[in-house]
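Reading through the structure tokens given below for one structure.
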Amino acid sequence: MFVHITVLGLGYVGAVAAAALARDGHHVLGVDVDPGKVDRFRQGEVPFHEPGLDDLVRDGVSSGRLRFALASEVESGQLGDLVLVAVGTPSRPTGAADLSQVEAAMAWVVERAGSSAGVAVAGGPGAPAVSTRPIVVMKSTVPPGTGRRLSRRFLEPVGLAYVSNPEFLREGSAVHDWFHPDRIVIGSESAEAAARVRALYEDYGAPVLVTDVTTAEMVKYGANAFLATKISFINELANMCDRVGADVEEVARGIGLDPRIGSQFLRAGLGYGGSCFPKDVAALDHLARVYDYPFELLRAVIAVNARQRLLPLYALREVFGSLAGVPVAVLGLAFKPNTDDVREAPALDLIPLLVEEGADVRAADPQAVERARAVLPADVKLTTSALEALDGARAVVLATEWDPFVHLDWEEAARRMEAPRYVFDGRNALDPARMEALGFRYRGVGRGRRD
Ligand code: NAD
């Protein structure tokens, strides 16, 4: 059954959800507080890089089923049957999740729910009838216990139902992930509300887990904390491999073939980054403190990750002694390939430290230069071309395994660099033997000391 949906927050999650649900046949109103963003979407453009989303948005807009509005333009009674909340939940300095956007979203919904005025906005020829009692569906990642609190404070007094429906899509493959979820998790105190949300995903063929709200919230944190643990674990093994002379790539293959372990998320490197893992792991750690529970394993995961991203700095110091005046190229600013998202990207921690030690840093990224420019020291030269960044450099750090970097013309790169050339392969994405044949001193993460 097709329904009217409002999606609040047009970031990676909200924009994908809005466009995908419009593709499924629903009538969707995408809402944000950022006028620039809303303008771009209205023109059928996507204001960030996410493969496949441009087509989905254009199709939605031309079908008439996907429309956009500024939060201040939406009036009472226009919310439809479901309001998906997909606003940001960044970290506070303490590590706690900052819920101010979520709380503002709740207040916004309550203000507009319940009246029948303005129904025509969501309508149109052949459109389903609009409900005036929307169900609030939380797609944002909020700490366990939040839904119950929000529900009690904002929704119960006005009789609105709340559903926790955490999102598991990954930036860079978000559109594919939306349509091919591994599972759908739905937490609610209302069986009817849970069933309405479940119906949205009926054709996706994924297992559905229906739980209470707090359990659904914990599933999301448990998943991210476990994946972060896997990464920090393989990085610890990698660091041991460097010390004993083993190759972590082979070790990962060897242990990953055990189905109890699994081969995914066993890539040694500079550790995890992005807008989710660091903040969600920090929020769970903070929650543990609030409950006076020392979640020791999680603290180690965080500490290992913080150290891991600085490995290139330690290696470069070892090779060059002082970094003063050493031209260093950093390839990759986004936290992973195929996105322009630089939130918590390892390169963004590393580069300011290299600059502080006097290195002459230039950095390249196919998509993330603009976003990185806003947060990096002004004297770092930024370019989309790896070869340009490598011109005259003596050392190169591969920080993000973008295809164009992995498959770079490394012969040409070697010609452009100054000898002796040094490469720190922070993603174990390059062939050590080939790099050495081109005259590079090579160091990966856990591939045995070769430099
Ligand atoms: P984002 O920061 O890219 O986007 C959030 C959007 O919400 C922004 O466009 C912002 O302008 C808007 N916004 C803020 N306050 C608002 C309000 N009161 N009303 C309307 N819009 C408002 O965030 P994101 O990466 O899409 O993540 C959203 C949530 O989903 C977070 O809780 C995140 O943890 C979770 N999540 C993200 C991913 C991911 O890969 N990015 C995956 C799963 C879950």
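What follows is calculated from the coordinates using simple rules that are stated; it is not laboratory data. Treat the numbers as computed from the prediction; the structure is a model and nothing was measured. Because the Cβ atoms are built from the backbone with ideal geometry, glycine has one as well, and the counts that use them run over all protein chains shown.
If you plug each phi of the stretch 29-38 into the Karplus form 6.51 cos²θ - 1.76 cosθ + 1.60 with θ = phi - 60°, what whole-Hz ³J(HN,Hα) values come out, in order, with x for Gly and Pro?
10, x, 10, 9, 8, 9, x, x, 4, 4
Taking every eigenvalue of the Cα gyration tensor of the chain, multiplying by 5 and rooting it, what semi-axes result, largest first, whole Å?
Equivalent ellipsoid of the chain: 44, 24, 19 Å, largest first.
Once both labels are modelled 7 Å past Cα along the beta-carbon direction, what's the Arg253-Glu202 spacing in nm?
So the label points at Arg253 and Glu202 sit 4.7 nm apart.
Take the alpha-carbon centre of the stretch 54-94, take the same for the stretch 175-245, and report the distance between them in whole Å.
The two parts, judged by their Cα centres, are 23 Å apart.
If amide H atoms are built 1.01 Å from N in the plane of the peptide, which residues on other chains or at least 5 residues away come under 5 Å of the amide H of Val396?
Ala329, Tyr422, Val423, Phe424
Can you list residues from other chains, or at least 5 along the same chain, whose modelled amide H is less than 5 Å from the amide H of Ile135?
Excluding prolines and chain starts, which carry no amide H, the hits are Leu82, Val83.
Please give the peptides 347-356, 155-164, 188-197 ranked by average Cβ packing (other Cβ atoms within 10 Å per residue), highest first, as a rough proxy for protection. Intermediate results must be reported in sequence, preceding the final value.
Working: 347-356: 20.4, 155-164: 18.9, 188-197: 17.3.
Going from most to least packed, we get 347-356, 155-164, 188-197.
Karplus couplings for the stretch 198-203 from phi (6.51 cos²θ - 1.76 cosθ + 1.60, θ = phi - 60°), rounded to Hz, Gly and Pro as x?
4, 4, 4, 9, 3, 7
Per residue of the stretch 222-238, what does 6.51 cos²θ - 1.76 cosθ + 1.60 with θ = phi - 60° give for ³J(HN,Hα)? Whole Hz please, x for Gly and Pro, Karplus curve as stated.
x, 5, 5, 5, 5, 5, 5, 5, 4, 5, 5, 5, 5, 5, 5, 4, 4
Between Val290 and Thr211, what is 0.36 nm times their sequence separation minus the Cα-Cα distance? Round to one decimal in nm. The partial results should precede the final answer.
Details: separation 79, 0.36 × 79 = 28.44 nm, distance 2.38 nm.
Extending this stretch completely gives an extra 26.1 nm.
Filter the cross-link list Lys220/Lys279; Lys139/Lys220; Lys139/Lys279; Lys230/Lys336; Lys139/Lys230; Lys230/Lys279 down to pairs whose alpha-carbon distance in this structure exceeds 20 Å.
Working: Lys220/Lys279 13 Å; Lys139/Lys220 10 Å; Lys139/Lys279 16 Å; Lys230/Lys336 17 Å; Lys139/Lys230 24 Å; Lys230/Lys279 16 Å.
Pairs exceeding the cut-off: Lys139/Lys230.
Starting from the Cα of Asp34, step 7 Å along the direction of its Cβ; do the same at Thr384; then give the gap between the two resulting points in nm.
2.0
Compute, for the chain, the length of the dipole vector about the Cα centre, with Cβ point charges of +1 (Lys, Arg) and -1 (Asp, Glu) only. Units Debye, rounded to 20. Display every interim value, and only then the final one.
Numbers: 48 positive and 59 negative charges, 121 e Å.
Dipole of the chain, to the nearest 20 debye: 580 debye.
Using modelled amide H (1.01 Å from N, peptide plane; none on Pro or chain starts), what sits under 5 Å from the amide H of Ala334, excluding residues fewer than 5 places away?
Correct list: Ala368.
Among Ser173, Ser62, Ser232, Ser91, what is the fewest-to-most ranking by other Cβ atoms within 10 Å?
Details: Ser173 15, Ser62 10, Ser232 24, Ser91 19.
The order, fewest Cβ neighbours first, is Ser62, Ser173, Ser91, Ser232.
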